[in-house]
Structures are given as structure tokens and as C-alpha cells.
Amino acid sequence: MNLARLAAEASARGTPVRAGLIGAGKFGSMFLSQVPTIAGLEVSAIADLSPDRARRACAAVGWDEDRINATAYLEDGAALAGRDDVDVVIEATGNPRAGIAHARAAMAGGKHVVMVNVEADVLAGPALAAEARAAGVVYSMAYGDQPALVSEMVDWARATGFHVTAAGKGTKYLPAYHEVTPDDVWSHYGLTAQEAAAAGMNPQMFNSFLDGTKSAIEMVAIANACGLDVPDTGLAFPPCGVDDLAHVLRPREVGGQLDRRGMAETVSSLERDGRPVFRDLRWGVYVVLEAPNDYAAACFRQYGLPTDSTGRFASMYKPFHLIGLELSVSVLSAALRQEPTGQSREMRGTVAAVAKRDLRAGEVLDGEGGYTVWGKAQPVARAGDALPIGLAHGVAMTRDVARGSLLSFDDVTLGPDPIIDLYRGLITG
């Protein structure tokens, strides 16, 4: 509740927080649009594979010529991470290998890291967080994205003495979506390809939101940050509106749909027959609480919290998240409070690559949101030798794999790779 004041004081001292952004896509552009109205925050440099595209993004979000011209534009994210005029590096590329490399370069240069790149976080987040602590800097999830917002709600619940039964987000989901490809993604969003292109929307990225991969990545990130469990057989995506969160997201032993207490789960805004869920949570996040005593349960009822039939389980939710428009919270928190807005602590889960169709030896996988695989959340204890979705890009199949099968490391051609070694070390403890 003090960030705006702390930032304004930094501005008055002449020491604003200086951010460097790597990746000027949709998330980055949303952040850039807010910067001119935040006292005490500046963007000193932007790295993008196309610096000209980054300049155009700044103009498109309303930056004036003076601000555009005062900003450095680079192609190399590692070079940005080493600049003396950057205090906080925002990694927003979506490429897990690049994200890990950029984070390490930033930390080596004494910079805080805000990791928008959840794909990198679910591969190596706990290791990166440990490296940041050793370097005396902050490694943080990105506020505005669901993992950080859910982490905040879980922390609030635990700080106020409640048991966390479940936490997660909402999304639009049907089982058939697992096999959707970038060719037919826009019909599910009610857009034409032309409308999506005009809005700067990448079909593969938005397909990852639809086919279940992004939900799996975000729920694993939440589990790893909050010490929650990933469902034993993957996310169930139960249809559920805000009035029924406490009823649906409680353990089966008391009539709910969870394996047990303390789970990360995504709820669907569609019934399985395609009808809309009443008062859905498609754009929001939630936490389900369990009262620690009869007195607290009575207070739930007295103060109007929606509860289950026992009165012991209640829910709190936030109906929307604003993605990059909220990202400055993380940047300011890291620089001014030395505190992350959510951080991976341990590997509770992973996201395994699943074949979208029959795959043949020699085919090259195209990763998250593509034509070949989707990502399924898995508890670490069940991960075995499953190929994580973050490594299922640009690698060739060594043998045929049937549609719906989990891919293993042995199913693809992989040479010696320090990222694989890092990941395997994390999941084996």
C-alpha cells in the first residue's frame, strides 16, 4: 500500500527506478503504456529482436517523441542486462532458454529480475531464486499475471490465519481445446485472423492460452511458489462460477472435487456441453479458505462470504487481472522494498509435453501453443522422465508417439544441455 508513495519520493530525490524491458510484445507494450503516468519509474532501455518494432510499440502505446528518443533500443537482452542505467530487468520474451540466460546475466550485473516469462520459471524458477538471493538481488514473479496475483491471495490467507484449500484462476476450457492449433484458434476467441493481426496478437501464443498449456504452466508456477500440490492426474478444469468456488474446490472427502487440501487448480468458464457457467471467473483468480475454528466459520456467515454447505470453506476472488498494466507493482516492489511479488521456492510440479496428434520419427516439435504438443501439469513425483513443454521446441522425434501420449526425453533428440541438467537436478531434489 506504500509503493506509489515510495516511488514518488524516489522521483523527488532524482533517483527514479530505472527498468530495462526485454521483449516488447503484448505484455511489454501494456507495461510501457503505463510508465508515463507513474512518478518515480522510467524505462531506460528496451531489447527486442527488432528494435524498430520496439520503437513502434512505444509510439503505439502513446509515448511522445522525447520519451522515445531518450530510450535505448537493443537487439541483445544480455547486453541490456549489463547496462549501468538499469536497476530492474523485466524478462518478457516467453522463450524459456532465453529467459534463464537473461535472468542470470541480470543477476550477475547486480540487477533485480521480474520474470514475466513463466515458461522459464517452471523450468528453473527455484534455482534462479536461489541465485538471486546469493547475489543480493530480487527474483520476482510478474504482478498482473495470475501466478503473482494468486501468490498474493495465498499469502493474505495464510497471514490472516486461514488454511488454504485451493488456489488458482479461471479460463475458457473444453477438453477438445487440447488439440486446437494456431490455424483455428481465432474462431474460439470470436476474432478473425485479420482482427487478431491488427491487434498484434500472436496465434501460437494465444493458442497456448486455449489448449490448456498456459493454464498448466501458471498452476505449476503457483504450486512452486505457494507450496501447493498439483493434481495427481493433471488439471481437471472443473466448470465453476464464483458462487460455487467453496463448494467445488474442497476435498472429495467432504463432497468437493479436489484430491486433497492444498491444491492448485483452474476452473472453466464453460460447462462441458459448451454452455456458459453462471457468473464465471474466466479472467480472474481465487483462493478457497478453510476456517481454523468454529468462531471463524461463524464470521464467514456473518460477513457474507460465499461458503459451502458446511460453512467451513469460503472463497475470495478477484474477477479480473490486467496483465502488463499492473507490472509496475513488481518493478517498484523489487527496487524500493527488495521484495518479490511471488517467487518460486521449490519444484512441486512440472509441465509435460503431450502429443496433440500421432507424431512420427523425424518430425520437429514446435513447442507451446503449436501444432504438435500441449502441456499437462504433473506432480514432480509423477514426472519421471517426461519431456517438459519448455524443452519441446525445435527438437526432432526419435520414434513414433501416439496422440495423447506423454513425451519422454528418450522420444526426442537432445544433446548435452546444461538447462536439462539444471531442470533434472531440481525435479530429483
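I'd like to know if segment 91-100 contains one or more residues that are under 28 Å from Gly349 (Cβ atoms), aliphatic (A, V, I, L, M) and in a helix (DSSP H, G or I). Looking through segment 91-100, at least one residue is under 28 Å from Gly349 (Cβ atoms), aliphatic (A, V, I, L, M) and in a helix (DSSP H, G or I). Annotation note: Cβ proximity below 7 Å between a residue of segment 398-409 that is within 16 Å of Gly362 (Cβ to Cβ) and free of Cβ contacts under 8 Å to residues at least 40 places away in the same chain and a residue that is of a type in the set (Lys, Arg) and open to solvent by 30 Å² or more (accessible area, probe 1.4 Å) (sequence gap 6+ or interchain) occurs for no pair.
Counting just the residues of segment 44-72 that are among the polar types (S, T, N, Q) and either farther than 25 Å from Thr15 by Cα or surrounded by fewer than 15 Cβ atoms within 10 Å (Cβ to Cβ) (or both), which one comes out nearest to the chain's Cα centre (by Cα)?
Of the residues in segment 44-72, the ones among the polar types (S, T, N, Q) are 44, 50, 69, 71.
If we keep only those that are either farther than 25 Å from Thr15 by Cα or surrounded by fewer than 15 Cβ atoms within 10 Å (Cβ to Cβ) (or both) too, we end up with 50, 69.
Details: Ser50: 24, Asn69: 32 Å.
The residue in question is Ser50.
Would you confirm whether any residue within segment 77-84 is more than 27 Å from Asp421 (Cβ to Cβ), modelled with pLDDT of 95 or more and not hydroxyl-bearing (Ser, Thr, Tyr)? It would help to see each step written out before you state the result.
Step one: of segment 77-84, the residues more than 27 Å from Asp421 (Cβ to Cβ) are 83-84.
Within this subset, residues satisfying the condition of being modelled with pLDDT of 95 or more are 83-84.
If we keep only those that are not hydroxyl-bearing (Ser, Thr, Tyr) too, we end up with 83-84.
Looking through segment 77-84, at least one residue is more than 27 Å from Asp421 (Cβ to Cβ), modelled with pLDDT of 95 or more and not hydroxyl-bearing (Ser, Thr, Tyr).
Only strands (runs of 3 or more DSSP E) whose full extent lies in segment 310-429 are considered here, and the ones with at least 2 residues that are within 22 Å of Gln146 (Cα to Cα) are 313-318, 349-355, 373-379. Among the residues making up segment 139-165, those that are more than 12 Å from the chain's Cα centre (by Cα) and open to solvent by less than 10 Å² (accessible area, probe 1.4 Å) are Tyr139, Val154, Ala157, Thr165. Once segment 16-34 is narrowed to residues that are crowded, with 20+ Cβ neighbours inside 10 Å and among the hydrophobic types (A, V, I, L, M, F, W, C), the residue that is nearest to His112 (Cα to Cα) is Ala19. Open to solvent by 20 Å² or more (accessible area, probe 1.4 Å), under 30 Å from Gly25 (Cβ atoms) and touching a residue at least 60 places away in the same chain (Cβ under 8 Å): which single residue out of Arg261, Arg272, Arg345 fits that description? Residue meeting the stated conditions: Arg345.
The rows are residues; the columns are (1) more than 23 Å from Gly234 (Cβ to Cβ); (2) hydrophobic (A, V, I, L, M, F, W, C); (3) in a helix (DSSP H, G or I).
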site: Val122; (1), (2), (3): no, yes, yes
site: Pro126; (1), (2), (3): no, no, yes
site: Glu131; (1), (2), (3): yes, no, yes
site: Glu152; (1), (2), (3): yes, no, yes
site: Trp156; (1), (2), (3): yes, yes, yes
site: Gly170; (1), (2), (3): no, no, no
site: Ser187; (1), (2), (3): yes, no, yes
site: Leu191; (1), (2), (3): yes, yes, no
site: Met201; (1), (2), (3): yes, yes, no
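Selection over segment 184-208 of residues that are at pLDDT 90 or above and closer than 17 Å to Met30 by Cα gives a count of 2.
Cβ-Cβ distances below 6 Å connect the following pairs, each with a first residue in segment 205-223 that is touching a residue at least 40 places away in the same chain (Cβ under 8 Å) and surrounded by 24 or more Cβ atoms within 10 Å (Cβ to Cβ), a second residue that is in a helix (DSSP H, G or I) and of a type in the set (Lys, Arg), and a separation of six or more residues or different chains: Ser208/Lys214. For the subset of segment 1-13 comprising residues that are modelled with pLDDT of 95 or more and open to solvent by 60 Å² or more (accessible area, probe 1.4 Å), which member is farthest from Ile68 (Cα to Cα)? Within segment 1-13, the match that is farthest from Ile68 (Cα to Cα) is Arg5. Going by what's in this entry, would Gly77 be described as among the small types (Gly, Ala, Ser), open to solvent by 30 Å² or more (accessible area, probe 1.4 Å) and over 21 Å from Leu336 (Cβ atoms)? The answer is no for Gly77.
Among the residues of segment 29-48, is any without any contact (Cβ under 8 Å) to a residue 12 or more places away in the chain, out of contact with any Ser or Thr (no Cβ under 9 Å at 6 or more places or on another chain) and among the hydroxyl-bearing types (Ser, Thr, Tyr)? Taking every residue of segment 29-48 in turn, at least one turns out to be without any contact (Cβ under 8 Å) to a residue 12 or more places away in the chain, out of contact with any Ser or Thr (no Cβ under 9 Å at 6 or more places or on another chain) and among the hydroxyl-bearing types (Ser, Thr, Tyr).
When Ala193 is tested against (1) in contact (Cβ under 8 Å) with a residue 40 or more places away in the chain; (2) surrounded by fewer than 21 Cβ atoms within 10 Å (Cβ to Cβ); (3) not aromatic (Phe, Trp, Tyr), just one condition goes unmet, and that condition is (1).
The values are calculated or read from the model by the stated rules, or taken from the named source; none is laboratory data. As the structure is a prediction and not an experimental result, all values here were calculated from the model. Note that we place each Cβ from the backbone using ideal geometry, even for glycine, and neighbour counts take in every protein chain shown. Accessible surface areas use protein heavy atoms only, side chains included; no ligands, DNA or RNA. Shrake-Rupley method; radii C 1.70, N 1.55, O 1.52, S 1.80 Å.
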